Each structure stands twice: as structure tokens, then as C-alpha cells.
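Step one of this worksheet: look at the structure below.
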Amino acid sequence: MADLSTTWLGQRLANPLVLAASSLSSTPEGVRKAAEGGFGAVVLKSLFEEQLKAEIASIGSSLDFSHAEAGQFLGRAGMQEGIDDYAALVRESSKAGIPVIASINCVGETQWGDFAERIAEAGAKALELNAGFLASSTDEDPRSVEDRLYSLVSTAKSRTGLPLSVKLGSSWTSLAALAARLARIGADSLVLFNRFYSLDLELSTMKPVPGHIRSSGSEYHDSLRWISVLYERVPCQFAASSGIHDAEAALKLVAAGASAVQLCSVVYQKGYSVASLMSAAISARLDSLGIDGIDSLRGRFAQWKAEDPSAHLRFQYIQALTGIS
């Protein structure tokens, strides 16, 4: 039987399957179910900066303050309460018996340094920084957008000392250069890619509505390409995210260089036990390939090992245009 154990973010995992940050991992009970379902680790649901600010604004709108200091106090108190609640989630979830990775989704630099310290104290084994901001301003220089991300990563790393993973979207000007610098300033792992909720429109009301909320099993290809391109060229680990619905896709991403694969939509569809089913299928597939374990497979599909490295970047495009097979 193939060995599925592996190491990610300094933790030994029974298998590379990680429950991604979502409502599925928003409670200690959800984390316990993930452990019982066979996951190797869990990323807790992210606490969003916008969530804290919205809660504070909601409280403030119902009160009348005659002094600016009172409003500032309310903001600090509301932020602290949100941090306290999340620290409690980390502490209780850590009792489930598998590595727990906390997650912060932030767009600014408010109090995230303090928050990151509290997470470390609460017992998180690692921290995932979800870089969820969308650069939509026509006045913001691209370099300043990247500098904002670098500042967040440097602060989180220096304040906690925890292994740090950065979850990125795919729409960066130079992803390879960005990844290399993130690794240099403290990112121990990069998660490729963040799946932002898509936008749709309800024509009858002219109001925005969510598009497809959950991924399909055909959405892992960008992750496959970029992990294979960056593996062992950037000095950090990689995790794959989005569109991983079966053992075959998980193994392809490990072959590209992933140390872990994050599951979400397939868990909503099939339940927490999908991890055990997928682990069994992964083991059987490795046996059929004559590969003794996950670590032996990792990176076999890396671009630098390929006879034709350009195929990782352009082959699909050329095939689509010319019919080359």
C-alpha cells in the first residue's frame, strides 16, 4: 500500500488532502468531522477584515456618539471581540487531532499584526494569509498593489514566527516574480489559486448576484500549470486549490509539485467522508503506477524536468489552434 503521508507547513500530514477555508471549517464540530472524515489538515474559515468592519459599523449606526473618541473605542472593542472569538475557534479546533491552519483574509494593514500574534498564542500550527483584495482603482500603480501584499506577508511572518502560507489569485502581472519575492520575505508555501466568487447580473432588477459559487472538476488546470512551472524554481512549498474533485486530479497536482491539495466544493457535494474515499483511490492509483508514495511522485511533472519545457506554457494554445495531438 502506498505511503500517503507528507509534510506541509512544518506539519506531518497523514495524507495531502486539506479541507480548505470555508463554512465547513467554521466551527470546532466541522473540524472534528473533517478529522473523522480522513483529512490530513484543516484550514479554518477565514475571518474577513470587511466582516469585522461591517459588524462594528452595524453597532455604531444604532448608537449616537457625541465624541469621536467614543467611536474609536467602539472600533477597537469590536475588532478585539472578533479576534477573541476567532482565537477561541483555533483553541477548540486544535483538539480535533489534526493540524489546524488559521486563515486571515485582509485588504488593509489595520490590526492584523496583533491578530496574527493572538492566533499563534491560541495554538494554530500555521497561518494562511488569503490575499483577497481586488485592485480595481485606475489610480493605483501595480507596484503599490504588490507592495501592499509584501507588507502584509512580512508583518504576519515577523509577528508570529508561524509557518506561513499565502493564497493567491491568478491575476498578477508577473506571477513567477511575485512568487519568488514572497518566498524570500517569508512565505513558506503558496496556495494556487484562490477562487474568487464570480459576478453575475439579474437583468430584471439590475442588481449583482453571485455567479457559480462552487468549482467544477475542470478548474484545476491553471494550478497544474503554474505549480509545475514554479516547483523547485521558487524556494517554498506549493498547495493546489480549486477544481480538485477526485483522486486523479489530486495526483496530477502532486506530480506537478504540490505538497498539499485543498478540497472544498467536492466536500459540500459529497460530505466530509470524501477525504477517506479519495485517499483510498489515491493509494490504489499509486499502486497501479508502481509508485511507493506521495513524496516519490511529487515534482515528476515539473517543467524543469520536461523534455519540452515550453509545452507547459503554450502546448494547449497551439493544439487548440492547429489541431496538433
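The values are calculated or read from the model by the stated rules, or taken from the named source; none is laboratory data. Keep in mind that what you see is a predicted model, and the values were worked out from it rather than measured. Positions of Cβ are backbone-derived with ideal geometry, glycine not excepted, and every protein chain shown enters the neighbour counts. Accessible surface is based on the protein model in full, side chains and every heavy atom, while ligands, DNA and RNA are left aside. Shrake-Rupley method; radii C 1.70, N 1.55, O 1.52, S 1.80 Å.
Between L134 and D222, residue separation times 0.36 nm minus the direct Cα-Cα distance comes to 29.8 nm.
For D3, the residues 5 or more places off, or on other chains, whose built amide H falls under 5 Å of its own are G293, I294. Rounded to the nearest 0.05, the FRET efficiency derived from the C-beta distance between S151 and S204 at R0 = 30 Å is 0.10. Distance between the 7 Å Cα→Cβ label points at S144 and E117: 2.9 nm.
Legend: P(r) of the range 179-325 from all alpha carbon pair distances, 5 Å bins from 0, whole percents, reading 2, 9, 15, 17, 18, 15, 12, 7, 3, 2, 1, 0. Using a probe of 1.4 angstrom and keeping all protein chains present, the accessible surface of the range 168-236 works out to 57 square angstrom per residue. The share of accessible area on the range 149-256 that comes from carbon and sulfur is 54 percent, using a 1.4 angstrom probe. Given a Förster distance of 22 Å, report the FRET efficiency between A306 and D246 from their Cβ-Cβ distance, rounded to the nearest 0.05. Given R0 = 22 Å and the Cβ-Cβ separation, E is 0.35. Measuring between alpha carbons in the structure, the pairs from K45/K270; K252/K305; K95/K167; K45/K95; K33/K252 lying more than 23 angstrom apart are K95/K167; K33/K252. The modelled label-to-label distance for the pair H212/S26, using points 7 Å beyond Cα in the direction of Cβ, is 2.3 nm. Take the Cβ-Cβ distance between A280 and T7 as r, set R0 to 22 Å, and report the resulting FRET efficiency rounded to the nearest 0.05. It comes to 0.55. Between D287 and L313, the simple spin-label model (points 7 angstrom out along Cα→Cβ) gives 4.1 nm.
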